[in-house]
Structures are given as C-alpha cells and as structure tokens.
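Take a look at the structure set out below.
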Amino acid sequence: MSTERTLVLIKPDGVERRLTGAILARIEAKGYTVAELKKTEATRAILEEHYEEHQGKPFYEPLVEFMLSGPVVAAVLEGNRVIEGFRSLAGTTDPTTAAPGTIRGDFGRDWGTAVQQNLVHGSDSPESAAREIGIWFS
Ligand code: DAT
Ligand code: MG
C-alpha cells in the first residue's frame, strides 16, 4: 500500500455545469476518501503559484482568466496511489480526445477554448501534491 494525498480542483466549468456531485461520486466510487472539501474563489496570486510551471506559455493567461471566471471546488483526496489514480479517472488533458469513461472524456465539451475547460485538475506527482495542498489548504 502506498497511501497518498492529492489536490483536486473542480474548475469553473465543472461547478457552473453542476457536475460537482457527479465528479465526487466517481471519486468515491473508486474508493478514494474526500479528506478536505471547499468551494472557493481562486485569486490571481493563488493561481500564479498553482500554475507556476506554466508561466510564460501561450495558454497561461487564458488559463488564469478562465480559472478566475467563477468559483472552484478544491478537494484533498486520500487513497492508495491516488495521485496517478485520479489522473487516470480524469483522462488526458484535451477533452476532445480523452477516453470515454473518464471525467474529461465523458463530460468535456469541444467548444473552441475547450482544452482549458477540462473540468478538473489533479496533481501530477507527490511533490506537486504536497505543494498544491499547501497552496489551497494552508
Ligand atoms: P493537466 O491539467 O492535464 O495536468 P497541464 O498541466 O499540461 O495539463 O496544463 C494545465 C492546464 O492548462 C490544462 O488542464 C489545460 C491548460 N492547457 C494545457 N495545455 C494547453 C494548450 N495547449 N492549450 C490551451 N490550454 C492548455
Ligand atoms: Mg498539470
């Protein structure tokens, strides 16, 4: 067993489309524990830290603007290999090609700016998870 914690965000598109419950249901059905949960508004300062690795990329500003466009739901999940496991539940970054059966594949829409409107964020490594949990739940 390798019990881990990961940071999950339900992005503004997921909250606005009333998909919070459906997404959390998939997380719980998989057997992960929702250890922390809150609805909150991101700030530019939080997002600059959260998306530090993407600063300077062409999609960075649109991504930050999108994340500021409405409330998000932040969660800490616990479970065996949950970092990799949640990213598998979420599907690949682009909802157009994310596999059916995944959150992004089943609920993601193709509407022009869709890559950033991909419903959820999940930490990608133990280091990112520790860093991101500190940002959203300090
Ligand atoms: P992920 O969220 O799958 O970890 P990432 O960390 O590479 O993906 O990128 C963070 C977010 O930025 C991603 O969820 C959506 C957006 N994004 C990534 N690549 C993009 C691109 N080529 N065009 C527009 N938005 C992009
Ligand atoms: Mg990422």
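The values are calculated or read from the model by the stated rules, or taken from the named source; none is laboratory data. Since this is a predicted model, take the numbers as computed values, not measurements. Virtual Cβ from ideal backbone geometry, glycine too; neighbours counted across all protein chains shown.
Things to note:
- Qualifying residue in the stretch 96-110 (condition: near ligand 1 (Cβ under 10 Å from one of its atoms) and of a type in the set (D, E, K, R)): yes
- For first residues located in the stretch 54-69 and touching a residue at least 12 places away in the same chain (Cβ under 8 Å), partners that are assigned to a helix (DSSP H, G or I) and lie 6+ apart or on another chain with Cβ distances below 6 Å form the pairs Val64/Leu47; Met67/Leu47; Ser69/Pro12.
- From Gly91, Gly56, residue being more than 14 Å from ligand 2 (Cβ to nearest atom), on the phi > 0 side of the Ramachandran plot and modelled with pLDDT of 95 or more: Gly56
- Flag for Arg18 being outside any helix (DSSP H, G or I), more than 13 Å from the chain's Cα centre (by Cα) and either more than 23 Å from Thr102 (Cα to Cα) or free of Cβ contacts under 8 Å to residues at least 24 places away in the same chain (or both): yes
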